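Engineer: The following block contains the structure, expressed as structure tokens.
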Amino acid sequence: MRGQVIGIVTVKVTNGQNINLALGVTRISALEKGRLMSFDQIAARNRSATQPELLAEVWYRGGIDSLWLGNYDSALNYFETAANRNPRRPETWIQIGYCKVKQGRNDEAIRAYRRALQLKPTSADTYNRLGDAYYYGAHFHDAIDAYRQAARLRPDQPEAYYNLGLAYLEIGDRESALAQSRLLDSLDPELNKKLLAELQR
């Protein structure tokens with residue numbers, strides 16, 4: 001629809017359903033001008049360079065499917081296998097951490113989130129999740145540090161301020177919790193109402 005080549009038709013079956021079989025443009029663009037190379041040769045070259053990453057992607061997708069079904073044990077197995085295949089993908093470690101939080105294994109979740117932050121140290125979302133793992137493990141001061149980092153990296157995102165407010169309440173610091181409420185009010189009034197309700201308990 002945009003006038004872009006997405007493939008080149010190589011086989012056309014006109015009887016019945018008018019079926020067209022094509023080679024995807026990514027396979028075509030891998031060919032080098034002026035040099036004949038079979039698609040088997042291209043596949044072999046790509047396989048040697050990217051096979052672990054491709055297998056990791058398959059396992060990662062399996063983990064996502066299991067998450068949709070709410071099966072955290074199965075999802076964790078998929079994500080840990082994906083991490084073994086490709087340990088350099090931060091999203092995999094984030095999902096490992098998420099599954100472990102759901103299982104109540106907060107210390108292990110903290111290690112997974114820290115691994116993700118080593119790979120992507122500017123991820124506000126990961127700092128928020130790290131804060132959650134600390135919070136659920138009753139390490140409230142560490143949770144506050146993590147949530148502060150999230151707010152520093154993404155000052156326009158309301159979740160960090162809400163989470164900070166709850167963590168401050170846990171250590172009895174109502175003034176700091178109120179300060180988070182004032183920041184949150186301009187970003188997400190509805191979420192701020194939830195925080196104020198916690199403050200009034």
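The values are calculated or read from the model by the stated rules, or taken from the named source; none is laboratory data. Here the structure is a predicted model, which is why all the values come from computation and not from measurement. Because the Cβ atoms are built from the backbone with ideal geometry, glycine has one as well, and the counts that use them run over all protein chains shown. Side chains included, ligands, DNA and RNA excluded: accessible areas come from the protein's heavy atoms. Shrake-Rupley method; radii C 1.70, N 1.55, O 1.52, S 1.80 Å.
Engineer: Return a yes/no flag: does the range 109-125 have any residue that is more than 15 Å from the chain's Cα centre (by Cα) and not β-branched (Val, Ile, Thr).
Structural biologist: yes
Engineer: Can I ask one more? I'm trying to understand the selection: among the residues of the range 144-187, which are of a type in the set (A, V, I, L, M) and more than 20 Å from the chain's Cα centre (by Cα)?
Structural biologist: 144, 164, 166, 167, 169, 171, 177, 178, 179, 183, 184, 187
Engineer: Give just the number: which of (1) farther than 20 Å from residue 65 by Cβ; (2) in a helix (DSSP H, G or I) does residue 93 not satisfy?
Structural biologist: Result: residue 93 passes all but (1).
Let's see how each residue does on (1) surrounded by fewer than 22 Cβ atoms within 10 Å (Cβ to Cβ); (2) of a type in the set (Asp, Glu); (3) in a helix (DSSP H, G or I):
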site: 146; (1), (2), (3): no, no, yes
site: 150; (1), (2), (3): no, no, yes
site: 175; (1), (2), (3): yes, yes, yes
site: 180; (1), (2), (3): no, no, yes
site: 194; (1), (2), (3): yes, no, yes
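Engineer: Okay, moving on. For residue 146, only one of the following conditions fails: (1) under 24 Å from residue 199 (Cβ atoms); (2) at pLDDT below 95. What is its number?
Structural biologist: (2)
Engineer: List the pairs whose first member sits in the range 179-196 and is farther than 12 Å from residue 169 by Cβ, whose second member is of a type in the set (D, E, K, R) and assigned to a helix (DSSP H, G or I), and whose Cβ atoms are under 7 Å apart, counting only residues at least 6 apart or on separate chains?
Structural biologist: Filtered contacts from the range 179-196: 192/185.
Engineer: Right, next: Being farther than 23 Å from residue 153 by Cα, open to solvent by 50 Å² or more (accessible area, probe 1.4 Å) and not polar (S, T, N, Q) is the filter here, so list the residues in the range 87-122 that pass it.
Structural biologist: Selection gives 102, 104, 105, 107, 108.
Engineer: If you don't mind, another one. I want to confirm something. Restricting to the range 73-86 and keeping residues that are under 15 Å from the mean Cα position of the chain (by Cα) and open to solvent by 20 Å² or more (accessible area, probe 1.4 Å), which single residue is nearest to residue 112 (Cα to Cα)? Working first, answer last.
Structural biologist: Of the residues in the range 73-86, the ones under 15 Å from the mean Cα position of the chain (by Cα) are 75-76, 78-80, 82-83, 86.
The next check asks that each one be open to solvent by 20 Å² or more (accessible area, probe 1.4 Å); those that pass are 78, 80, 86.
Details: 78: 15, 80: 10, 86: 14 Å.
Of everything passing the filter in the range 73-86, 80 is nearest to residue 112 (Cα to Cα).
Engineer: How many of the residues making up the range 109-144 are farther than 20 Å from residue 95 by Cβ and assigned to a loop (DSSP other than H, G, I, E, B)?
Structural biologist: Final tally of qualifying residues: 2.
Engineer: If I ask for residues that are touching a Lys or Arg at 6+ places or on another chain (Cβ under 8 Å) and either of a type in the set (S, T, N, Q) or open to solvent by less than 30 Å² (accessible area, probe 1.4 Å) (or both), which ones from the range 156-173 would you list?
Structural biologist: Pass one, the range 156-173, residues touching a Lys or Arg at 6+ places or on another chain (Cβ under 8 Å): 160, 162, 164, 168.
Correct list: 160, 164, 168.
Engineer: Here's something else I'd like to know. Mind listing just one residue for me: the one in the range 31-72 that is outside any helix (DSSP H, G or I) and at pLDDT below 85 and, of those, most open to solvent (accessible area, probe 1.4 Å)?
Structural biologist: The extreme case among them is 33.
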